[in-house]
1. Taking the beta-carbon count within 10 Å as an exposure proxy, list B:339, A:188, A:300 from fewest neighbours to most.
2. Can you tell me the orientation of helix B:211-233 relative to chain B, as the angle in degrees between its alpha-carbon axis and the longest Cα principal axis, to the nearest 10?
3. How crowded by other chains is B:243-253, given as the mean number of beta carbons from other chains within 10 Å of each beta carbon?
4. Can you classify the stretch B:244-304 as rounded, prolate or oblate using the Cα gyration tensor, where a ≥ b ≥ c are the square roots of its eigenvalues, rounded means a/c under 1.5, and otherwise it's prolate if a/b beats b/c and oblate if not?
5. Working from Cα positions, state the angle (0 to 90°, nearest 10) between the long axis of helix A:302-313 and the longest principal axis of chain A.
6. How do A:83, B:51 rank when sorted from fewest to most other Cβ atoms within 10 Å of their own Cβ?
7. Take every Cα-Cα pair in chain B and report what % of them are more than 38 Å apart.
8. Determine the shielding of peptide B:219-225 by partner chains: average, over its residues, the number of Cβ atoms on other chains within 10 angstrom of each Cβ.
C-alpha cells in the first residue's frame, strides 16, 4: 500500500433547482463570466435561459464560447483562451459533459500563459495557474466535474492527449440529475461505459489492495450495472440518473486510487481510436475492455477477476477461480453489447486493420503501456485484432 | 432523494513518513502554533519529538496545551482559547484522537469570540469563524479529522453536546496508520464500534435509498468487521490499521449522507451514558446498538435489516426477511461482544436503572429522537432496560 495525498476541494451542489446558488458562487471570483458549451442542447432544455437569469440577478457580465466539440479540439481551447485575455474574464462557467469541461480547463490554463495551449500537451509546458472554473454537468460520464484532468484532441496531428493538474480542479460543480433526462439511450450507455472503465483501470491491478476502496469500486460498478438500463428505458427516472451522476464524479476524482500508481490501459488505446475515427469514447472503451481483460487473464492475475466476478456480478463463489474469471468477462460483454446494445466489433463501427500499426504505436509512445499487464505495441495490435 | 451540498475540502496526507509535509502546511497559516494533545502517549511513541523537529525546520513557534481528556471537557476548551488570545496563535495543531481534535475545534472557535465557549452549546451561540486547524490522527474512531463536528462535555452540568460548523473543518489532516500501532485492543475495538455506529445511524433509515452510497456504507461496515479483529491481534498490521483509519474519516465526513435528514439515535442516547458514567463512547454504543436495532425492527423497517444482513454479514438471501433481520442483529451482537470482547450489559459496566429516567429525559431533550424510529423518553427507557 503506497502513500497518497487526498485533496479534492470541489464543492458540489447535488439535486434539482440548485442553480439558485449559481450567482452567489460565481460572484466569489469576479464579474466577468465566460460561459462555455457545446452544440446548443442547453438552449433546448431551457438550461441556458435559467443560467442567464441567475447571472443577471447578480449583475454578472456574460461572455460566450459555444460549439465545443465532443472529443474537444485544441482550436476551441485557443479561441476560449483568446476571449479570456481580450475580455479580462474572471471566471469560467462550463455547461456540458466531459468534453466541454475538459476544454474549459485548458482554456482556464491557456488564459494565464503567453504560449500556445497545445504546448501543454506537445511540450508538457508547466500548468502553474488557471482561471477559476465552475461547472454545470449535463452528462454523466467523464467525471471532469470533480477531477483535475482533461483530454484534448488535435485533428491536425491526430493526437488526443490527457493531462492532470490540481489547478484545473473546478471550484464548484452543479450536479442536477434532471438535466440528464434528455440524454439519449446511446449516450447514456456510452457515458456509463466510460465510468465503468475509469473504475476498472484502477480496480484491475495487482498492487496491494486497499480493501475499503475495492469495496467502493465494486459498489460503483454495481451501481452502473443496475441503473444504466433503467435510465435508458426510463430517461426521467430520477433515482437512476442521480446514482449514475454521482458515480461519474467518484469514479475518477482520485479517491479510489488510494496510492496505486499503475498506468491506465484501455484509455490510452481508446484515445487512438477516437483520435483517428472520432468515435464516441465510451463506445471505443466498450469494444476494447472485454478483449483487454481476456488478453490479460492468466494464473498471475486470475484472483482479481474472481473478486470482480463474485462481488460485482454475483457469480457463485464456490466455482473455480478461472471459471469465475471467464464468466465475469462474458457477463461484462453481455452488459456492454446486449443490455446496453452497443456495437460489439471494430468491423461494425468501421475501424480498419490497416490503421492498427500506427494506432498501437501511438498508444504506447513511451515504449509500453505499464498497466495491469505491461503491453507492447505487438500486444496492443493483438488486442485490436480480438476486437475485429 | 433529497438535495445536498458536498463540501469537504480537507487535504489528507495518508501513509507513513508524511510528516515531512507538516512544516510546509502549518507555515501557510502563520508562525505561532498551538500544539494540543492528551495524556502524553505521543511522547512515548516518539511522535512529539518528530513534530517539534519539523516545526523547528520551518522556524515555527511552539505553544502547548496537553492533558485533553477523553470525552473532552469545556475547561480544556476555555484554557486553549485563553492561550490563543494571549499568545496570538495563528494555527492549531491537534495531535490525538477525536477527543483532542474535538476540543481543538472549539478552542479554534473560542479564540475568535469574547464570550464563554460553553455558550456554543448551552446557548447555541453562532460559530462564525475559527482559527485554522491541522490534525495528526492517533486513533481511528471519531472521524473528527475530516468532519465539521465536535462533542464537548461539561461535568458540572452533566451535559455532553455535539455541534457542527463548516468553520471547524480541519485544513489538513495527517493519517499515518503506523501511529495507531500502539492503540490497545480495547481502544481499537471501541474505535471501530464508533465508526460502525456512525455508518449505521445513516444506513438504518427509511428515507429513499441512494444505492451507490448504501454500497459504500456496506463496504465500510465490511471493512470494519474484517480488519478490527486483525488489528487487535496483530497491532502492527499495516493493512488492517490503514483500512480502519481511512474508514474512520469517510464514515462521518458527510459523504454517505447524500441528503438524508434523519436524526441520529444511538449517539444521543450514548452521550448521556458517557456524560453520567464517563465510559468509553464506543463501549456505550456497542451496548446500545443491537438493542436499538431489536427495538426498531418491525414490518415497516425489516427490509433495511434484510439488506444489511445479506450485504454486510453475507446471510443467505433466500431466507425470509424477518429471519435475516433477526440473524443480522445476532451477528452484530456476536461481533461486538464475542469477537471484539466488549462488555455486553449495563450491569457489567456499572450503569444503574435509577439513572434511566434522567438520562432518557436528557437524550430526548426536544421531546423525541426523530431517528430511524421516533423514540420518546419511554422508548429510550425500554431500550436501556434491554441493555441490563
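1. So the residues, fewest neighbours to most, are A:300, B:339, A:188.
2. 80 degrees
3. 2
4. Working: a/c = 1.91, a/b = 1.09, b/c = 1.76.
Here the stretch B:244-304 falls in the oblate category.
5. Between the helix axis and the principal axis of chain A, the angle is about 60 degrees.
6. In increasing order of surrounding Cβ atoms, one gets A:83, B:51.
7. 16 percent
8. Values: counts 11, 3, 1, 3, 7, 1, 0.
Taking all residues of B:219-225 together, the mean is 4.
Bear in mind these aren't lab numbers, they're just calculated from the coordinates by the rules spelled out. Just so it is clear, the structure is predicted and the values come from calculations on it, not from any experiment. Cβ sites come from the backbone with ideal geometry, for glycine too, and all protein chains shown count toward neighbours.
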